[in-house]
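The values are calculated or read from the model by the stated rules, or taken from the named source; none is laboratory data. In this text the structure is predicted, and so the values were computed from the model without any measurement. Heads up, the Cβs are rebuilt from the backbone with ideal geometry, glycines too, and the neighbour counts pull from every protein chain shown.
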Amino acid sequence: MSVKKEASGRHSVQVEVEVPGTPEEVWQAIATGPGISSWFVPAEFEERDGKPVAVTLNFGPGMESRSVVTAWDPPRMFAAEASGWVPGSPPIADEWTVEARAGGICVVRVVHSLFASTDDWDNQLEGTESGWPGYFRILRIYLTYFRGQRSAMMQWMAPAAGTEAEAWETLTVALGLKGVSAGRHWAAPAGVPVLGGVVEHVTQSPCNALLRLDKPGPGAAALGAVNFGGQSMVTLSFYLYGDQAAAIVAREPPFWEAWIQERFPTPSETSKSS
């Protein structure tokens, strides 16, 4: 990974992925609220006179990001600009393009750019760049198996004891995923909310796995362990597809919340029980 630097002061990173589908189908997945919500985070476009003027991404309570749409050329390209990551940081511009290739394939490309006289913000650009491959794998699953279907999402992040690797060990052992390689069909053991499917991707560094689900319904699950401000955290994100997706997301959270609290109790609960 590297940041491209130009004499004008522009610093940028670029990430791309090949996905199946026509440009119009891929555009629906990357440039509409329901489409983005099906593989990334909940998203909503604001329109004026029938044309998008802004997009809001919801990364969690109090973590919304609003970008102003600066260019719109469906199904080929759109661009948006948002304020910087922290007060005092330069605005960041995002450009998304869809390029058709032979064989029913498209290339989705995103470029993040900012203008700065120093390299102070390059690490944020690199961090943004490093996060896209995982989400693009979910996008590829969605467009390959569930293209155009309705979606619903549920996700959790919980503190875990020990290092990032130790947190990942705890999570994968509990889910019956330890040692399971990509391409294998897998089902969670007794005591875990209903969960099963095919392991699409798994890696120990970074600690994450991507599952194509058949239980509790058709979908994808992204699991991981990260270091968040010095605290190890486990992350579980479930994307459900089809007409039953909303009903599954309405039904399943209490089971997962109880399971997560039992195995990854909050620090306050840990201190109470000791």
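Does region 163-176 hold any residues that are among the aliphatic types (A, V, I, L, M), farther than 10 Å from residue 234 by Cα and buried (at least 20 other Cβ atoms within 10 Å of the Cβ), and which are they?
Once the filter is applied, which keeps residues that are among the aliphatic types (A, V, I, L, M), farther than 10 Å from residue 234 by Cα and buried (at least 20 other Cβ atoms within 10 Å of the Cβ), region 163-176 yields only 175.
Scan region 30-40 and give yes if some residue there is assigned to a strand (DSSP E or B), within 21 Å of the chain's Cα centre (by Cα) and at negative phi, otherwise no.
No, region 30-40 has no match at all.
Could you check, for region 75-97, whether at least one of its residues is more than 24 Å from residue 210 (Cα to Cα), part of a strand (DSSP E or B) and of a type in the set (Lys, Arg)?
no
Here is a list: 89, 113, 117, 65. Which entry is free of Cβ contacts under 8 Å to residues at least 24 places away in the same chain and hydroxyl-bearing (Ser, Thr, Tyr)?
After ruling out the rest, the residue left standing is 65.
Please tell me if residue 128 is in a strand (DSSP E or B), closer than 30 Å to residue 205 by Cα and out of contact with any Asp or Glu (no Cβ under 8 Å at 6 or more places or on another chain).
It is false that residue 128 is in a strand (DSSP E or B), closer than 30 Å to residue 205 by Cα and out of contact with any Asp or Glu (no Cβ under 8 Å at 6 or more places or on another chain).
Taking region 196-205, which residues are more than 14 Å from residue 176 (Cα to Cα) and either touching a His at 6+ places or on another chain (Cβ under 6 Å) or without any contact (Cβ under 8 Å) to a residue 24 or more places away in the chain (or both)?
203, 205
Taking region 1-25, which residues are closer than 18 Å to residue 119 by Cβ and assigned to a strand (DSSP E or B)? Step through it out loud before you land on a result.
Let us first name the residues in region 1-25 that are closer than 18 Å to residue 119 by Cβ, namely 1-14.
Those that are closer than 18 Å to residue 119 by Cβ and assigned to a strand (DSSP E or B): 4, 5, 10, 11, 12, 13, 14.
Please state which of the following conditions residue 235 fails to meet, knowing it meets all the rest: (1) of a type in the set (Ser, Thr, Tyr); (2) surrounded by 14 or more Cβ atoms within 10 Å (Cβ to Cβ); (3) in a loop (DSSP other than H, G, I, E, B).
Exception for residue 235: condition (3).
If residue 189 passes every condition in (1) under 22 Å from the mean Cα position of the chain (by Cα); (2) without any contact (Cβ under 8 Å) to a residue 40 or more places away in the chain but one, which one does it miss?
Unmet for residue 189, out of (1) under 22 Å from the mean Cα position of the chain (by Cα); (2) without any contact (Cβ under 8 Å) to a residue 40 or more places away in the chain: (1).
Going residue by residue through region 6-27, is there one that turns out to be among the acidic types (Asp, Glu), more than 24 Å from residue 142 (Cα to Cα) and over 20 Å from the mean Cα position of the chain (by Cα)?
For region 6-27, residues among the acidic types (Asp, Glu), more than 24 Å from residue 142 (Cα to Cα) and over 20 Å from the mean Cα position of the chain (by Cα): present.
Do we have residue 228 as surrounded by 14 or more Cβ atoms within 10 Å (Cβ to Cβ) and either assigned by TED's automatic domain parsing to the domain that holds residue 111 or not small (Gly, Ala, Ser) (or both) here?
In short, no.
Yes/no per residue for (1) over 30 Å from residue 122 (Cβ atoms); (2) at pLDDT 95 or above; (3) hydroxyl-bearing (Ser, Thr, Tyr); (4) surrounded by 14 or more Cβ atoms within 10 Å (Cβ to Cβ):
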residue	(1), (2), (3), (4)
19	no, yes, no, yes
33	yes, yes, no, yes
61	no, no, no, no
90	no, no, no, yes
98	no, yes, no, yes
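Just one of 197, 219 is in the same structural domain as residue 158 (by TED's automatic domain parsing), touching an Asp or Glu at 6+ places or on another chain (Cβ under 8 Å), of a type in the set (Gly, Ala, Ser) and under 20 Å from residue 38 (Cα atoms); which is it?
197
Consider residue 68 against the criteria (1) crowded, with 17+ Cβ neighbours inside 10 Å; (2) of a type in the set (A, V, I, L, M); (3) farther than 25 Å from residue 22 by Cβ: it satisfies all of them except one. Which criterion is unmet?
(1)
Among the numbered conditions (1) in contact (Cβ under 8 Å) with a residue 40 or more places away in the chain; (2) surrounded by 15 or more Cβ atoms within 10 Å (Cβ to Cβ), tell me where residue 9 comes up short.
With respect to (1) in contact (Cβ under 8 Å) with a residue 40 or more places away in the chain; (2) surrounded by 15 or more Cβ atoms within 10 Å (Cβ to Cβ), residue 9 is out only on (2).
Inside region 203-225, can you point out the residues that are buried (at least 22 other Cβ atoms within 10 Å of the Cβ) and farther than 21 Å from residue 185 by Cβ?
207, 225
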